[in-house]
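K.L.:
Take a look at the following structure, please.
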Amino acid sequence: SVYFDVYSKKEWKDFLEQKIKIPEGAIDRFVFGDNISNDEHNYQAWIAEKGETAGRKWVKSKSWFRFDINVVPDKPVTLKTTYYGDESGTEYFLSIDGIQIPTKKIEKHSDEFFTVDYDLHFEMTKGKERIGIQFKVPEKKKDVSVGQTTVEKEVSKYETPKLFECETRVK
């Protein structure tokens, strides 16, 4: 079976007004917790938490979360990420289409929203219109005794920062 949503003209207009607006100068914008934005950006997560701070929704994970975002194929791009408050204790990796890039240490902030920019190497976006972004925590190994056998078990005490939104812009 295939199901389609059917809208009246007014319902369609209301639906379009609910969509996240892309700011001037941005290529694309992904806002966490918005169902339309989640679907349009193929949002996926494992062991993730969701919440709301100052009226804006966020996501964080003790494992990983990912999404796709639009870029331009012929120009270098910056990924702008929005966080809030103190995220200085988080430890995470950021990867673009499976290739890990260096993350910036997030400094302590008071109760305010702030952005961290990641300049993506042109080779990572060259010829592409869309890329996959993944935030992932490092895996730590812990020895666990089972009877007379010692087994390594992957555990993590880390989590990603609470991420509110991301957008891409031409550098």
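The values are calculated or read from the model by the stated rules, or taken from the named source; none is laboratory data. Just so you know, these numbers come straight off a predicted model, no measurement behind them. Cβ sites come from the backbone with ideal geometry, for glycine too, and all protein chains shown count toward neighbours. Heads up: the accessible areas ignore ligands, DNA and RNA and are worked out on the full protein's heavy atoms, side chains in. Shrake-Rupley method; radii C 1.70, N 1.55, O 1.52, S 1.80 Å.
K.L.:
Would you be able to tell me the number of residues in the range 19-32 that are without any contact (Cβ under 8 Å) to a residue 40 or more places away in the chain and of a type outside the set (Asp, Glu)?
P.N.:
Matching residues across the range 19-32 total 3.
K.L.:
Inspect the range 38-50 for any residue being touching a helix residue (DSSP H, G or I) at 6+ places or on another chain (Cβ under 7 Å), over 22 Å from residue 92 (Cβ atoms) and either open to solvent by 90 Å² or more (accessible area, probe 1.4 Å) or not basic (Lys, Arg) (or both) and give the result as yes or no.
P.N.:
Within the range 38-50, not a single residue is touching a helix residue (DSSP H, G or I) at 6+ places or on another chain (Cβ under 7 Å), over 22 Å from residue 92 (Cβ atoms) and either open to solvent by 90 Å² or more (accessible area, probe 1.4 Å) or not basic (Lys, Arg) (or both).
Each row is one residue, and each column tells you yes or no for (1) in contact (Cβ under 8 Å) with a residue 40 or more places away in the chain; (2) at negative phi.
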{"residue": "4", "(1), (2)": "no, yes"}
{"residue": "9", "(1), (2)": "no, yes"}
{"residue": "17", "(1), (2)": "no, yes"}
{"residue": "34", "(1), (2)": "no, yes"}
{"residue": "39", "(1), (2)": "no, yes"}
{"residue": "54", "(1), (2)": "yes, no"}
{"residue": "62", "(1), (2)": "yes, yes"}
{"residue": "69", "(1), (2)": "yes, yes"}
{"residue": "72", "(1), (2)": "yes, yes"}
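K.L.:
I've got another one for you. So, in the range 51-69, of the ones that are closer than 12 Å to residue 160 by Cα and of a type in the set (A, V, I, L, M, F, W, C), which residue ends up most open to solvent (accessible area, probe 1.4 Å)?
P.N.:
Per the criteria, the residue is 64.
K.L.:
Another question about this same structure. Looking only at the range 93-113, filter to residues that are surrounded by 15 or more Cβ atoms within 10 Å (Cβ to Cβ) and among the aliphatic types (A, V, I, L, M); which one of those is nearest to residue 128 (Cα to Cα)? Give the derivation first.
P.N.:
Going residue by residue through the range 93-113, those that are surrounded by 15 or more Cβ atoms within 10 Å (Cβ to Cβ) are 93-96, 101, 103, 106.
Keeping just the survivors that are among the aliphatic types (A, V, I, L, M) gives 94, 96, 101, 106.
Details: 94: 19, 96: 12, 101: 17, 106: 29 Å.
Selected residue: 96.
K.L.:
Could I ask something else about it? If only one of 14, 28 is open to solvent by less than 70 Å² (accessible area, probe 1.4 Å) and under 20 Å from residue 165 (Cβ atoms), which one is it?
P.N.:
After applying the criteria, what remains is 28.
Results for (1) among the aliphatic types (A, V, I, L, M); (2) touching a Ser or Thr at 6+ places or on another chain (Cβ under 8 Å); (3) not in a strand (DSSP E or B), shown as yes or no for each residue.
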{"site": "17", "(1), (2), (3)": "no, no, yes"}
{"site": "27", "(1), (2), (3)": "yes, yes, no"}
{"site": "30", "(1), (2), (3)": "no, yes, no"}
{"site": "38", "(1), (2), (3)": "no, no, yes"}
{"site": "64", "(1), (2), (3)": "no, yes, no"}
{"site": "104", "(1), (2), (3)": "no, no, yes"}
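K.L.:
Right, something else. In the range 41-52, what residues are assigned to a strand (DSSP E or B) and either free of Cβ contacts under 8 Å to residues at least 12 places away in the same chain or of a type in the set (Phe, Trp, Tyr) (or both)? Steps first, answer last, please.
P.N.:
Step one: of the range 41-52, the residues assigned to a strand (DSSP E or B) are 44-52.
Result: 46, single match.
K.L.:
Also, quick follow-up: If I ask for residues that are open to solvent by 50 Å² or more (accessible area, probe 1.4 Å) and either part of a strand (DSSP E or B) or touching a helix residue (DSSP H, G or I) at 6+ places or on another chain (Cβ under 6 Å) (or both), which ones from the range 81-92 would you list?
P.N.:
84
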